[in-house]
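First the structure, in the form of structure tokens, and then the observations on it.
The values are calculated or read from the model by the stated rules, or taken from the named source; none is laboratory data. Because the structure is predicted, anything quoted here is derived from the model rather than measured. Cβ placement follows ideal geometry from the backbone for every residue including glycine, while neighbour counts extend to all protein chains displayed. For the accessible areas, the whole protein counts, side chains as well, though only heavy atoms, and no ligand, DNA or RNA atoms are used. Shrake-Rupley method; radii C 1.70, N 1.55, O 1.52, S 1.80 Å.
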Amino acid sequence: MTSTSPVSGTTATPADPLVDVDVDVDAAIAAAVSTVRRNIATFGPAYPDDTTVDDRYRQRPAHGGIPLGGNRGWTTSFRTGMLWLAWELTGDDAYRDAALVDAADFDRRVRAEEDLDTHDLGFLYTLSTVAAWRLLGDEQARDASLLAADHLMRRFLEPAGIIQAWGDLSDPAQRGRTIIDSLMNMPLLTWTHEQTGDERFSDAVVRHTAQLREHILREDDSTFHTFYWDAETGEPLRGATEQGAFDESCWARGQAWGIYGFAMNYAVTGNAELLDGARRCAEYFIRHLPADEVPFWDLVYTDGSDAPRDSSAAAIAVCGLLELAKVEKDAARAAEWTARAHSILASLIANYAPANPEDSDALLLHSVYDLPKDNGVDEGTLWGDYFYLEALMRVARPEWRKYW
Ligand code: GLY
């Protein structure tokens, strides 16, 4: 063990050994931020695409009137989030300056009303302009964040009490549908309530998260990726997948969003059912890990399968388990979540980060975006990179204040 930071794979319960590898967290951080730095030079203000192709990011393709490298889709803010993390980790103002260029562009995007028909406004604005406000007190970024939260609230459907995930609110294919990922979009509403005192925002978080806890988490502790409600009557209808193997399977990244999202929303709502939800998501996720503790892209696959892994799900789970450990009431369980998070992270550092940072533009290899659509399979992803760096930050600096 050469780490100067407390990652260890050796604190397992004997019945369930954790990955036992020596890793150097500080070296992993140095490698990761060197890639973030190189990507500033490679891309400038242009945004990389969601995933790599053969381990290299390309500029985001032009689409719907938004030019090549433009700010569209749900993942551009993960680049910004990495820049903020790299700035906090190194103190090098080049990262902050690049993050501020992005934050100004997110301000422009929301004012121009470009590509806002999505619940992912939470991912987009939390990691860009809310982070700019938290770290620098940037007033313009605060205003842009409040505007984004207003747009997100337009997706709140009474009487179902949910935020619709995707598409135009009148689209029959998407009406009344939400997805487990949306738990991560609630912090934008929570932050807005803190800023404005307007209880519409906190009420939406309370109702949306309770609905997901009741319907998207199944009896056996696995999760549906998406769930439909009748938008007019509020009646819960059915679960369905979009990116998982099949409707009843358990998409690995969704389960990881559940760990992090339920834990984080428990902390702000005080709803004990959400803590229970986070624990159950964590237990199921851990029970379905293969020997190296990085899940296959869907948890129906286990050791012996040749299905691709989703390292991004592992990185999200590390952050989620560390968040769960913070809010866990039972000290022994908190230690268990922390040990498991460290163990998964050790495996990511040892086996899933590029051996040499020059080998890829990604911080983390071997993720899956959407296997059923053959999109980004066994590639780097912007969110995998972000959560890997957040995980390293959380371990190196346990006092770090999250942007969420
Ligand atoms: N939020 C979309 C995904 O995780 O792929």
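Just one of the listed residues (Ser222, Ser202) is away from the ligand (no atom under 16 Å from the Cβ), open to solvent by 10 Å² or more (accessible area, probe 1.4 Å) and not acidic (Asp, Glu), namely Ser202. Screening Arg72 on (1) out of contact with any Leu (no Cβ under 7 Å at 6 or more places or on another chain); (2) under 21 Å from Ala141 (Cα atoms); (3) more than 16 Å from the ligand (Cβ to nearest atom) shows it passes everything except condition (3). Of all residue pairs spaced 6 or more apart or on separate chains, those with beta-carbon atoms under 7 Å, a first member in segment 116-130 that is acidic (Asp, Glu) and a second member that is open to solvent by less than 10 Å² (accessible area, probe 1.4 Å) and within 12 Å of the ligand (Cβ to nearest atom) are Asp120/Asn185.
For (1) part of a helix (DSSP H, G or I); (2) hydroxyl-bearing (Ser, Thr, Tyr); (3) at pLDDT 95 or above; (4) in contact with a His (Cβ under 7 Å, 6 or more places away or on another chain), each residue gets a yes or a no:
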{"residue": "Gln174", "(1), (2), (3), (4)": "no, no, yes, no"}
{"residue": "Met186", "(1), (2), (3), (4)": "yes, no, yes, yes"}
{"residue": "Thr190", "(1), (2), (3), (4)": "yes, yes, yes, no"}
{"residue": "His193", "(1), (2), (3), (4)": "yes, no, yes, no"}
{"residue": "Ser202", "(1), (2), (3), (4)": "yes, yes, yes, yes"}
{"residue": "Val205", "(1), (2), (3), (4)": "yes, no, yes, no"}
{"residue": "His208", "(1), (2), (3), (4)": "yes, no, yes, no"}
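If you go through segment 96-114 and keep only what is within 19 Å of Leu382 (Cα to Cα) and open to solvent by 10 Å² or more (accessible area, probe 1.4 Å), you end up with Arg96, Ala98, Leu100, Val101, Asp105. What about Ala355, is it more than 22 Å from Arg279 (Cβ to Cβ), away from the ligand (no atom under 16 Å from the Cβ) and free of Cβ contacts under 8 Å to residues at least 12 places away in the same chain? Yes. Since Thr269 meets every condition but one in (1) β-branched (Val, Ile, Thr); (2) away from the ligand (no atom under 16 Å from the Cβ); (3) under 15 Å from the mean Cα position of the chain (by Cα), which condition does it not meet? Going through the list (1) β-branched (Val, Ile, Thr); (2) away from the ligand (no atom under 16 Å from the Cβ); (3) under 15 Å from the mean Cα position of the chain (by Cα), Thr269 breaks only (3). Against the test of being within 16 Å of the ligand (Cβ to nearest atom) and either open to solvent by 10 Å² or more (accessible area, probe 1.4 Å) or not hydroxyl-bearing (Ser, Thr, Tyr) (or both), the options Ile316, Ile344, Ile349, Ile286 yield a single qualifying residue, Ile316. Considering (1) of a type in the set (Asp, Glu); (2) open to solvent by less than 30 Å² (accessible area, probe 1.4 Å); (3) assigned to a helix (DSSP H, G or I), the lone condition that Glu214 does not fulfil carries the number (2). Applying the set (1) open to solvent by less than 80 Å² (accessible area, probe 1.4 Å); (2) modelled with pLDDT of 95 or more to Arg58 leaves exactly one unmet item: (1). Condition check: of a type outside the set (Lys, Arg), in contact with a Ser or Thr (Cβ under 7 Å, 6 or more places away or on another chain) and within 26 Å of Lys326 (Cβ to Cβ). Does Leu289 satisfy that? Against the criterion (of a type outside the set (Lys, Arg), in contact with a Ser or Thr (Cβ under 7 Å, 6 or more places away or on another chain) and within 26 Å of Lys326 (Cβ to Cβ)), Leu289 does not qualify. Selection within segment 327-341: residues that are of a type in the set (D, E, K, R) and without any contact (Cβ under 8 Å) to a residue 60 or more places away in the chain. The member of this set that is nearest to the ligand (Cβ to nearest atom) is Glu328.
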